[in-house]
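Trainee: Below is a structure I'd like to ask you about.
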Amino acid sequence: MIQAQRVCINGVLARHNDHVFVANEHQQAVDHLGHLLSITVDGQALLPVSQKVYWLYHKPVGIDCRLLPDDPSSLLHQLPVSPRVYPAGRLDKDSRGLLLLTNDGDLTQRLMHPDFQHTKTYLVTVNKPFDSQFILQMAAGVSYQVANKSITTLPCKALQVAENKFEIVLTQGLNRQIRRMCLALGFRVTDLFRVAIAGVELGLLEQTKRRPVTAAELAMLNQFN
């Protein structure tokens with residue numbers, strides 16, 4: 001954008017070697033002497049950096065995590081106008097459970113990047129009873145095809161909790177992973193419920209409701225630094 005001459009600082013076209021700091025209590029842009037700077041992109045002023053916020057949200061079935069203004073089912077319509085937040089990861093539209101909403105891009109990147117191996121815990125109900133062999137196969141890793149590409153999931157933890165229901169703890173985040181794992185073994189998921197992210201639990205939070213993340217919970221989320 002700088003090269004395209006779309007950015008101005010105090011009314012002057014910005015250069016790549018200009019120095020801008022966010023250093024005062026109001027999170028506004030300043031120069032190296034602490035003087036306030038007016039930064040515009042395409043003539044529109046940039047707002048001060050928002051204070052970082054962290055919420056837990058209980059997503060119901062039917063809400064699409066993609067932030068699409070023209071889609072009535074989009075999560076965008078469930079979020080406040082200010083501060084602007086976004087989900088740190090996704091849940092399928094036909095899945096429900098815990099989402100972390102934040103404007104902290106660094107934390108979002110760490111939680112979504114597979115190298116950090118954060119855990120996500122799900123309760124999964126399938127369309128028919130299964131035996132112990134099914135649980136062993138889920139835990140060991142399952143192979144399936146997506147767009148002519150063979151995928152084998154990483155080993156994970158799995159525990160049977162009812163004749164057709166199990167808990168699974170993943171460190172991977174492949175698209176529709178649990179549903180495809182089950183389908184490869186001859187089962188169809190009828191309910192997929194995420195109950196925890198990196199040790200932070202959904203608990204009794206009601207559907208469509210959100211609450212602030214506690215200091216202890218934020219410490220758990222940040223342990224993957």
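The values are calculated or read from the model by the stated rules, or taken from the named source; none is laboratory data. None of the values given here were measured: they were computed from a predicted structure. Neighbour counts are summed over all protein chains in view; Cβ atoms, including those assigned to glycine, are modelled from backbone coordinates with ideal geometry. Accessible surface is based on the protein model in full, side chains and every heavy atom, while ligands, DNA and RNA are left aside. Shrake-Rupley method; radii C 1.70, N 1.55, O 1.52, S 1.80 Å.
Trainee: What do you get when you divide the Cα radius of gyration of the range 1-84 by 2.2 N^0.38 Å, with N the number of residues?
Mentor: Working it through for the range 1-84, the quotient is 1.48.
Trainee: Can I ask one more? For the range 53-103, what does the equivalent ellipsoid look like in terms of its semi-axes, each the square root of 5 times an eigenvalue of the Cα gyration tensor, given largest first in whole Å?
Mentor: 16, 14, 8
Trainee: Which whole-Hz couplings ³J(HN,Hα) result when phi for each residue of the range 148-161 is put into the Karplus expression 6.51 cos²θ - 1.76 cosθ + 1.60, θ = phi - 60°, listed in order with x for Gly and Pro?
Mentor: Per-residue couplings from phi come out as 6, 10, 8, 10, 10, 6, 6, x, 8, 9, 9, 9, 6, 10 Hz.
Trainee: Once every DSSP H run of n ≥ 4 in the chain is given -39500 (n - 2.57) and the sum is divided by its residues, what mean residue ellipticity at 222 nm do you get, rounded to the nearest 500 deg cm²/dmol?
Mentor: -4000 deg cm²/dmol
Trainee: Here's a follow-up. For the range 89-117 and the range 118-161, what is the separation of their C-alpha centers, rounded to whole Å?
Mentor: If you average the Cα positions of each part, the centres end up 20 Å apart.
Trainee: May I ask which residue of Ala162, Thr108, Met1 lies farthest towards the positive end of the charge dipole of the chain, with charges of +1 (Lys, Arg) and -1 (Asp, Glu) on Cβ and the Cα centre as origin?
Mentor: My answer, from the dipole projection, is Ala162.
Trainee: Quick one: dipole size for the chain, taken about the Cα centre, charges +1 on Lys/Arg Cβ and -1 on Asp/Glu Cβ, in debye to the nearest 20.
Mentor: Details: 23 positive and 19 negative charges, 120 e Å.
For the chain, the charge dipole is close to 580 debye.
Trainee: Normalise the Cα radius of gyration of the range 107-201 by 2.2 N^0.38 Å (N = residues in it) and let me know the number.
Mentor: Numbers: Rg = 13.1 Å, N = 95, 2.2 N^0.38 = 12.4 Å.
Normalised Rg, Cα atoms only: 1.05.
Trainee: To continue, here is another question. When only C-alpha pairs under 8 Å and at least 6 residues apart count, what is the relative contact order of the chain, in percent?
Mentor: Dividing the mean separation by the residue count of the chain yields 19 percent.
Trainee: Here's a follow-up. Could you pull the Cα extents of the range 55-165 along its three principal axes, largest to smallest, in whole Å?
Mentor: Result for the range 55-165: principal-axis Cα extents of 49, 31, 30 Å.
Trainee: Give me the Debye-computed log₁₀ of I(q)/I(0) at q = 0.08, 0.09, 0.10 Å⁻¹ for the chain, equal point scatterers on Cα only, no solvent, two decimals.
Mentor: Log10 of I(q)/I(0), two decimals: -0.40, -0.50, -0.59.
Trainee: Using a 1.4 angstrom probe on the protein heavy atoms only, line up Asp115, Asp94, Asp42, Asp71 by accessible area, largest first. Before the final figure, lay out the partial values.
Mentor: Details: Asp115 120, Asp94 65, Asp42 90, Asp71 35 Å².
The ranking, largest first, comes out as Asp115, Asp42, Asp94, Asp71.
Trainee: Further question on the same structure: Hey, what D do you get for the range 109-155 in µm²/s if you plug the Kirkwood alpha-carbon radius into Stokes-Einstein at 20 °C and 1.002 mPa s?
Mentor: 162 µm²/s
Trainee: My understanding is that a pair violates if its Cα-Cα distance is over 25 Å; which of Lys93/Lys209; Lys52/Lys93; Lys128/Lys209; Lys128/Lys149; Lys93/Lys165 do that in this structure?
Mentor: Distance filter (> 25 Å) returns Lys52/Lys93; Lys128/Lys209; Lys128/Lys149.
Trainee: Under 18 Å between alpha carbons, and skipping anything fewer than 8 positions from Lys120 in its own chain: which aspartates and glutamates qualify?
Mentor: Asp92, Asp94, Glu167, Asp191, Glu201, Glu217
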